[in-house]
Amino acid sequence: HPPPLHGDSYLTPEDFQRFLDLLDRRRFTTVTLAQAARMWHEGRSLPRRTVVLTFDDGCRCFAEHALPALTDRGRAATLFVLSGKLGGTNDWDRGDLAVGGRTERREELLTAEELREVMARGSHGSGIEIGCHGRTHVSLPECGDDLLRQETAGAKAELEAVLDSPVVTFCYPWGRFSPRVREAVRTAGFLAAAGIEDHASAAPNDPWGLPRWSLRPGDSAFEMWLKATGGYRWWRRLPRLGFLAALRRRGEGGNRLSHRQGP
């Protein structure tokens, strides 16, 4: 594979293993977003040191790299996929141009049969939930009402038919949503929806606007711990005088072209 244009969307297998090592060492529990959402709606609190691991787009590299690591450790995760792109590619972001006319690297997306295999493999050691990422990875706030219904309720119905299983969580493409989009997702029957921490509409106490932290290539063990505990939002607001940069430089190197996660 050529180097990706958006390198922060990728994590090396080594860095991912380091993060799983940290979860093991610190005795964190992992649950799917569906499990966490059901507990919230039932008025139950999540146990301390609980983390929800999410992966976007349904790229084949999830099955090749992340899934074996998760199942080996009995870890749960949620994989968000696009109902209209099963077996396709990431054509929504291959139009980006960089200096020299380079386009974003091509990623193969899992087929319907491969998704069913992912769910079956996960059930032997960990829970792998399949959530919805829309139909075609369009920016939902710009969609008209009919297209918005297709990308939310329509995508939910399509995935449920393919998987023969309820699909109850959603992830906003690029983390972009608005009050109208949030309401469409809620009305479609999703129990929870994930955005991105930096989005103005994301709020920790809103199940249909949950913020997420992305693991980045070269994150230090300290940064990983802060993201797992939720403390990173406070840490990044403080003047750090180059401390984070120094921690990153001490992090492990290696090939950065592994499985994709994040928006």
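The values are calculated or read from the model by the stated rules, or taken from the named source; none is laboratory data. Small disclaimer: the values here were computed from a predicted structure and weren't measured. Glycine gets a Cβ as well: all are built from the backbone with ideal geometry, and neighbour counts include every protein chain shown. Side chains are part of the model used for accessible areas, which takes the heavy atoms of the whole protein and leaves out ligands, DNA and RNA. Shrake-Rupley method; radii C 1.70, N 1.55, O 1.52, S 1.80 Å.
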### Message
Between residue 48 and residue 147, how high is the FRET efficiency from 1/(1 + (r/R0)^6) when r is the Cβ-Cβ distance and R₀ = 41 Å? Nearest 0.05.
### Response
0.50
### Message
Could you put 128, 196 in order of accessible surface area, largest first, with the 1.4 Å probe and the full protein assembly present?
### Response
196, 128
### Message
Once the convex hull of the alpha carbons of region 140-217 is built, what does its volume come to per residue, in cubic angstrom?
### Response
103 Å³
